1. Given q = 0.11, 0.19 Å⁻¹, what are the Debye log10 I(q)/I(0) values for segment 77-207, with equal point scatterers placed on the Cα positions and solvent ignored?
2. Could you give the accessible area per residue of the chain, probe 1.4 Å, as a whole number in Å²?
3. In degrees from 0 to 90, rounded to the nearest 10, what is the angle of the helix 36-52 Cα long axis to the longest principal axis of the chain?
4. Just report the Cα centroid separation between segment 30-82 and segment 102-124, whole Å.
5. So if I place +1 on the C-beta of Lys and Arg and -1 on the C-beta of Asp and Glu, and nothing else carries charge, what would the dipole magnitude of the chain be about its Cα centre? I want it in debye, nearest 20.
6. Which whole-number percentage describes the relative contact order of segment 122-183, with Cα contacts under 8 Å and a sequence gap of 6 or more?
7. Once you place label points 7 Å from the Cα toward the Cβ at A122 and A162, how far apart are they in nm?
8. Work out how much length T29 to R52 would gain on full extension: take 0.36 nm times their residue separation and subtract the Cα-Cα distance, in nm to one decimal.
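The values are calculated or read from the model by the stated rules, or taken from the named source; none is laboratory data. Since the model is a prediction, treat every value here as computed from it, not as a measurement. A quick note on method: Cβ atoms are made from the backbone with ideal geometry, for glycine too, and the neighbour counts reach across all protein chains shown. Just so you know, the surface numbers come from the protein's heavy atoms only, side chains and all, with ligands and any DNA or RNA stripped out. Shrake-Rupley method; radii C 1.70, N 1.55, O 1.52, S 1.80 Å.
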Amino acid sequence: MNSSQYLAWIERSAAALAAAQDALTALDTAIGDGDHGANIRRGFDKAAEKLRAQAGQDLGSLAKTTGMTLLSSVGGASGPLYGTLFLKAAPALAGKTDIDTATLAHAIADGVAGLAARGQAAVGDKTMIDVWQPAAAALQQAAADGAAPAAACAKAAAVAQAAAESTIPLVARKGRASYLGERSAGHKDPGAASSAIILQALAEVLA
Ligand code: ADP
Ligand code: MG
């Protein structure tokens, strides 16, 4: 993945999140406060705008800008969490403008570790971690198998999609949805849904 593909990823995520905004709003209305669709769309729009002014810079700088922008513009619980994901991924990308699958997997694993530490959530708590953790593991496995970034990300996106669906029967143990207790079961987690969209966008730009 190179710097222009990274920009294309964030732009494609922004477009896909805009297309899914109403669906994400509906998910967050069912088990939260209904702001996730607008929050995440605004954040990725802003990030894409900032990144366009940074064309040609290394991937670490781009990831840092993405994280800072999401942190300051998304709001809610998910803003700091998505922000942390990109900020913690940035060091592994510093000084690099074109990366292989192993470096991408390493960066995303670092980001997901930061996200888990910040949110204090584990797989099964019905949050975005339910998607990012297995997606990061799939990327690392693909890297170990010698897969190219496109194939690795296609695999991670498929894992992410299934993982987002798997949040439906769960009872939320973290975030606003946890206030509903058993009533949170039967709905897909909005952050898990937006995370799967972002990973799908990555697979699409690398395909
Ligand atoms: P808020 O809940 O403050 O309105 P959003 O609606 O933007 O924030 O985001 C909600 C999403 O954030 C949830 O669907 C969940 O995926 C994620 N989330 C909430 N709390 C946590 C946490 N502690 N760890 C990981 N993800 C979390
Ligand atoms: Mg919300």
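1. These q points yield log10 I(q)/I(0) values of -0.36, -1.00.
2. With the other protein chains kept in place, the chain gives 41 Å² per residue.
3. 10 degrees
4. Their Cα centres are 17 Å away from one another.
5. With only Lys, Arg, Asp and Glu charged at Cβ, the dipole is about 360 debye.
6. About 41 percent, as a whole number.
7. Reported label-point gap for A122 and A162 is 2.2 nm.
8. This chain segment gains 5.0 nm when fully extended.
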